[in-house]
Amino acid sequence: MRTILAVLALVLAITGCTGKNNAQTQQKNDAEPLCTPAPVRHTEWEEQAKAIAGRVDGIDEVAAVHIDKDLNLAIKVSNFNRFRLESIEKEVSSKLKEAFPDSKIHVTSDKKLFMDLQAMSGDPWPTDVKEACQKKKASKKLEKKMKG
């Protein structure tokens, strides 16, 4: 009885691991749709957002990336201004919402996210649609880390 169960388990394990699953996952990877329409980065709006945020008291540096309708902004605050961090973020967010009413605005003061956004804003926007979609996905990942 035990040998029959062992043989059945072995047969099920072998038939369950056929190449059919690999072919299905290969088709899914090949059929991965491009994001349409192609994402657009608005560098002129990024500069405007940096200028608006830079005028707020207590902010030392600003990094911004504006892709399609998502504006991701990171601020660097130092010294005793860190005690007012939450109020500074709210002030920057409200000023940006006035300036960009159609955009989804995300503001953070996290140092790691600041460095990531600064690196992303320094990179030129690719002309290839596939690369642009990858950059937008990277921006979305940063957005999720911003929590808001």
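The values are calculated or read from the model by the stated rules, or taken from the named source; none is laboratory data. Remember, predicted model here, so these are calculated numbers, not experimental data. Quick reminder, even Gly has a Cβ in these numbers, built from the backbone with ideal geometry, and neighbours come from all protein chains shown. Keep in mind that these areas ignore ligands, DNA and RNA; they rest on the heavy atoms of the full protein, side chains included. Shrake-Rupley method; radii C 1.70, N 1.55, O 1.52, S 1.80 Å.
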Boolean, LEU96 is surrounded by 12 or more Cβ atoms within 10 Å (Cβ to Cβ) and within 16 Å of the chain's Cα centre (by Cα): no
Residue tally, condition under 17 Å from GLY54 (Cβ atoms) and open to solvent by 90 Å² or more (accessible area, probe 1.4 Å), over region 81-93: 2
Qualifying residue in region 68-84 (condition: assigned to a helix (DSSP H, G or I) and aliphatic (A, V, I, L, M)): no
Residue pairs meeting the criteria (Cβ under 6 Å; at least 6 apart or on separate chains; first over 20 Å from GLU143 (Cβ atoms), in region 68-81; second at pLDDT below 95 and surrounded by 24 or more Cβ atoms within 10 Å (Cβ to Cβ)): none
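Yes or no, residue by residue, for (1) closer than 18 Å to ALA138 by Cα; (2) modelled with pLDDT of 95 or more; (3) in a loop (DSSP other than H, G, I, E, B); (4) among the charged types (D, E, K, R):
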{"position": "GLN48", "(1), (2), (3), (4)": "no, yes, no, no"}
{"position": "ALA51", "(1), (2), (3), (4)": "no, yes, no, no"}
{"position": "ASP60", "(1), (2), (3), (4)": "no, no, no, yes"}
{"position": "GLU89", "(1), (2), (3), (4)": "no, no, no, yes"}
{"position": "LYS97", "(1), (2), (3), (4)": "no, yes, no, yes"}
Top-ranked residue in region 99-119 [being in a helix (DSSP H, G or I) and out of contact with any helix residue (DSSP H, G or I) (no Cβ under 9 Å at 6 or more places or on another chain); ranked as surrounded by the most Cβ atoms within 10 Å (Cβ to Cβ)]: PHE114
Of all residues in region 36-54 being over 20 Å from the mean Cα position of the chain (by Cα) and touching a residue at least 24 places away in the same chain (Cβ under 8 Å), the one that is surrounded by the fewest Cβ atoms within 10 Å (Cβ to Cβ): GLN48
